[in-house]
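For reference, the structure is listed below as structure tokens.
The values are calculated or read from the model by the stated rules, or taken from the named source; none is laboratory data. A quick note: this is a predicted structure, and the numbers were derived from the prediction, not measured. Positions of Cβ are backbone-derived with ideal geometry, glycine not excepted, and every protein chain shown enters the neighbour counts. Calculation scope for accessible area: heavy atoms of the full protein, side chains included, ligands and nucleic acids excluded. Shrake-Rupley method; radii C 1.70, N 1.55, O 1.52, S 1.80 Å.
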Amino acid sequence: MSRIGVFVCHCGMNIERTVDTQAVAATLSEHSGVVYTTDYNYLCADPGQRLIKDAIVEHKLDGVIVAACSPTMHEPTFRRVAEEAGLNPYLCEIANIREHCSWVHKDRDRATQKAIRIVKTLVEKVRGNQPLEPLRIDHADKCLVIGGGIAGIQAALDVAESGFEVILVEKEPSIGGHMAQLSETFPTLDCSQCILTPKMVEVSRHPNIRLLTYSEVVEVSGYIGNYEVKIRKNPTYVDPDKCNLCGDCEKVCPKSVGSEFERGLIDRKAIYIPFEQAIPSSYTLDEEACLGLHPLRCNECAKVCEPNAIDYDMRPEYIEESVGAIIVATGYSLYPISSLGEYGGGQIPDVIDGLQFERLLSASGPTNGEVRRPSDGKIPKKVVFIQCAGSRDPEQHNAYCSKICCMYTAKHALLYRHAVPDGEAVVFYIDVRAGGKGYEEFTQHAIEEERILYLRGKVSKVYRQDDRVVVWGVDTLSSRRVELEADLVVLAISMNPHPSNLALSKVLKISCGAEGFFKEAHPKLRPVESLTAGIFLAGAAQGPKDIPEVVSQGSAAAVKAVALLTKDKLVHSPEVVDIDELVCGGCGICVDMCPYNALAVNGAGVAEVNEVLCEGCGSCVSACPTGAAQLKNMTDWQFIEMIGVALQDG
Amino acid sequence: MAKPNDNGFEPKIVAFLCRWCSYAGADLAGVSRMTYPDNIIPMRVNCSGRVDAGMVMAAFERGADGVLIGGCHPGDCHYVNGNYKTRRRVILLKRALAEVGIKPQRLHLEWISASEGVKFQRTVTEFTRLIKGFGPSPMSEDGKN
């Protein structure tokens with residue numbers, strides 16, 4: 001390749017401030033094989049793109065380097081520009097002189113010298129590049145959605161409505177997630193179940209949705225468009241087709257454990273239905289709680305079950321599916337209340353978390369919507385709400401803001417005042433963050449018109465004195481210490497990532513951030529994509545957020561998945577391994593190194609590549625003892641030339 | 001490109017950064033406007049597992065004073081297990097370097113994720129300081145003189 005063009009971008013002042021782009025262009029014009037160089041203010045803008053196109057045509061360029069920002073930003077842009085000018089897009093490379101140079105250095109001369117070296121390495125790379133054509137591959141046309149909370153439900157419905165088959169996997173016996181537990185939702189005070197359950201029913205009835213509850217994704221292999229997934233359906237020991245929900249089994253079951261759905265406020269039996277509107281509407285026998293599964297059956301439930309729905313011999317079922325796209329919507333969990341010892345969490349029965357209070361407010365809850373405290377069932381006359389319990393506390397708890405607590409605390413206090421008109425509500429807050437449509441108005445209404453006392457300050461301690469709960473805090477606006485006796489304390493506990501995230505991140509090969517939420521491909525521009533192509537994120541799995549945001553993300557992730565599934569063929573990078581048959585000795589080391597089973601030694605004793613399976617990692621290249629295996633456009637020889645110019649003096 | 005410092009020596013360092021983690025970590029360091037020494041020339045590889053003995057030896061042979069390899073954290077490799085392959089290879093390479101008279105510490109492997117801009121900055125800063133302290137590699141032009 002002998003007619004290379006180098007285009008150096010100023011990026012406004014972003015590059016120009018610390019890198020002398022004219023000097024970069026001038027130095028590169030001396031470099032062997034470079035026939036055209038220029039610098040320009042914004043190459044990514046339309047006139048910049050046109051400049052590149054014109055130069056390619058006019059100077060008959062057979063290789064292009066754009067020295068600008070990270071290739072993650074604009075590699076696709078500039079490769080498309082090259083293609084539009086008739087140049088094979090794989091003959092265009094990006095030299096990253098912004099993120100890796102101008103933004104991290106101060107000395108202009110030295111930064112310019114470094115930029116020159118970086119650009120030279122890419123010139124050497126492009127010199128060794130060959131024109132490539134993207135591989136076009138078939139793909140599966142199903143979508144896997146992991147998690148059946150509101151995010152997963154929304155995503156599943158949207159994908160299914162677009163005509164694609166969805167497999168919705170939920171770990172718990174019913175879909176619905178945390179939203180099913182809520183009483184009413186801010187700021188409109190709609191009944192949460194009333195707006196959620198129609199969507200749950202729609203999921204169960206939709207011809208394009210295959211619902212797998214009490215199930216977990218255990219293995220995922222493959223790549224965008226062609227993921228092979230293995231799902232374990234745990235045994236419920238009840239045949240949902242036979243179960244008629246009579247509830248006879250529940251009455252006779254001798255074993256009780258704390259109800260997860262009611263957050264331990266009341267017990268459920270070992271055979272149970274999580275809540276009345278559960279989907280699928282069928283009982284589940286909790287293997288761990290049941291007395292009789294092994295070693296000896298108590299058999300009480302089976303004895304009374306008229307339709308003979310109970311089957312103790314049910315075993316886990318493994319389901320294998322090929323899917324084109326995956327949407328991860330695993331939701332959140334709460335920061336463990338027992339970790340908030342300073343607030344009596346886990347020790348004082350009348351110190352509860354926000355979700356428990358939701359159940360106390362809910363008409364379908366254990367108290368039928370009457371606010372009664374857990375310890376003695378009395379109606380609390382004074383309730384203290386503590387915001388930021390476990391949030392915004394980098395020393396002891398989570399550093400981040402859980403985002404929804406300011407709003408739900410205002411809602412809690414307001415609903416409590418409606419339920420107990422002579423009750424007193426006190427809220428301790430650090431700030432009230434009420435960003436959102438109608439949110440500020442809602443909190444102001446709660447503060448001004450519902451006679452809720454908002455005290456700005458942090459509670460330092462909650463403890464028991466006789467049968468009273470004492471809250472110790474400070475009102476930072478009046479600089480007074482506050483000591484309150486409360487009948488009930490509600491902690492607006494921090495949102496935690498779902499405990500299954502870490503294990504799932506290993507199964508899916510997508511990463512979690514430091515706090516444990518799934519990491520998006522770009523925080524602003526690609527918020528519902530993971531870094532792995534074909535795997536999308538929705539809802540609180542990605543970070544704390546409220547229902548409207550979660551629903552938007554569910555739909556957004558669905559559109560991303562549908563956009564992929566609608567394609568006739570998927571494009572696979574052609575930058576894959578190539579075996580030089582004349583050099584290959586057929587040792588088969590590469591076959592063992594490949595994590596994708598893309599290589600095999602054929603009958604002629606030479607390694608052969610299945611290009612569609614090859615992801616281009618280059619493990620085989622590093623291990624090949626003869627150098628027969630080479631990654632296209634990233635060969636050993638290219639790297640050696642690149643290293644050479646990177647280290648050249650001057 | 002000499003700038004006066006403790007011993008006046010400006011090392012040349014080649015950094016092979018995996019596309020998914022360390023290269024993105026370096027991008028994040030840039031986006032966050034962190035500063036670090038300008039002695040490293042970064043090169044993008046798809047996977048740290050692609051960095052083979054030939055590339056490391058070529059770098060030293062052509063005058064590198066240090067070679068940095070950045071990969072994904074154990075268990076996070078985009079290509080399943082390429083970083084484990086690198087980890088084993090680096091152990092062997094360090095022995096080979098010692099055999100030819102190059103301090104094994106001149107080759108350094110670090111796990112840097114896409115969210116660890118700070119770790120990228122710290123790694124480059126500390127590695128550059130270490131190599132400055134060592135002086136020129138015996139294989140570089142400066143070292144031979």
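Observations, loosely collected:
- A Förster radius of 60 Å combined with the Cβ-Cβ distance from A:R80 to B:A53 puts the calculated FRET efficiency at roughly 0.95.
- Note on the range A:526-650: semi-axes of the ellipsoid equivalent to its C-alpha gyration tensor, largest first and rounded to whole Å, are 39, 21, 12.
- D_trans [Stokes-Einstein, Kirkwood Rh over alpha-carbon pairs] for the range A:333-496, 25 °C, 0.890 mPa s, µm² s⁻¹: 156
- Accessible-area ranking of B:M57, A:M495, B:M34, largest first, probe 1.4 Å: B:M57, B:M34, A:M495
- Prolate/oblate/rounded call for the range B:8-145, Cα gyration tensor, a/c under 1.5 rounded: oblate
- For the pair A:Q444 and A:I266, label points projected 7 Å from Cα toward Cβ lie 4.0 nm apart.
- Think of the protein assembly as shown as a dipole: +1 on every Lys or Arg Cβ, -1 on every Asp or Glu Cβ, centred on the Cα centre; then among B:G71, A:A425, A:G341, B:G71 lies furthest on the positive end.
- The range A:172-218 shape via C-alpha gyration tensor axes, a/c threshold 1.5: oblate
- Cα shape, the range A:193-273, gyration tensor, a/c 1.5 rule: prolate
- Cross-link reach is defined here as a Cα-Cα straight distance under 28 Å, omitting same-chain residues fewer than 8 places apart; for A:K230 the lysines meeting it are A:K142, A:K171, A:K199, A:K242, A:K506, A:K509, A:K519, A:K560, A:K567, A:K569, B:K85.
- The value obtained for chain A, namely the Cα convex hull volume divided by the number of residues, is 206 Å³ per residue.
- Chain pair B, A: total accessible area buried, heavy atoms, 1.4 Å probe, Å²: 4400
- For chain A, the residue among A:C590, A:V384, A:V257 whose Cα projects farthest onto the positive side of the dipole built from Cβ charges is A:V384.
- The trypsin sites (Lys or Arg not before Pro) found in the range A:23-125 that occupy coil by DSSP, while having at most 13 further C-beta atoms within 10 Å, are A:K60, A:K106.
- Magnitude of the charge dipole for the range A:271-401, about its Cα centre and with charges confined to Cβ atoms of Lys, Arg (+1) and Asp, Glu (-1), is about 700 debye.
- Alpha-carbon Rg/Rh ratio, for the range A:67-212, with Rh computed the Kirkwood way: 1.27
- Across peptide B:63-76, the average count of Cβ atoms from other chains found within 10 Å of a residue's Cβ is 2.
- Spatial separation of Cα centroids for the range A:79-106 and the range A:460-474, in angstrom: 62
- With helices as the sole contributors, the protein assembly as shown gives -9000 deg cm²/dmol at 222 nm; each DSSP H run of n ≥ 4 counts as -39500 (n - 2.57), and the sum is divided by every residue.
- The chymotrypsin sites (Phe, Trp or Tyr not before Pro) of the range A:269-352 that meet both conditions, a loop assignment by DSSP and at most 16 other Cβ atoms within 10 Å of the site Cβ, are A:Y312.
- Chain A - charge dipole about Cα centre, Lys and Arg +1 at Cβ, Asp and Glu -1, debye rounded to 20: 1160
- Mean per-residue shielding of peptide B:45-58 is 6, counting Cβ atoms of other chains within 10 Å of each Cβ.
- Under the span-like rule (Cα at least 27 Å along the axis, Kyte-Doolittle mean at least 1.0), DSSP H helices of chain A: A:547-566
- Cα centroid of the range B:56-102 to Cα centroid of the range A:363-386, whole Å: 62
- A convex hull fitted around the alpha carbon atoms of the range A:24-100 yields 88 Å³ per residue.
- Partners for B:K103 among aspartates and glutamates (Cα-Cα distance below 15 Å; same-chain residues under 8 apart left out): B:E61, B:D65
- Residues with amide H under 5 Å from that of B:C47, placed H, sequence gap 5 or more: B:R19
- Among A:G435, A:I643, A:F536 - extreme Cα towards positive end, dipole of chain A, charges at beta-carbon: A:G435
- 5 Å-binned pair-distance histogram of the range A:248-304 (Cα, whole percent): 4, 20, 29, 25, 15, 6, 1
- 10 Å Cβ shell holding at most 10 others, DSSP loop, GluC sites (Glu not before Pro): longest site-free stretch of chain A: A:396-650
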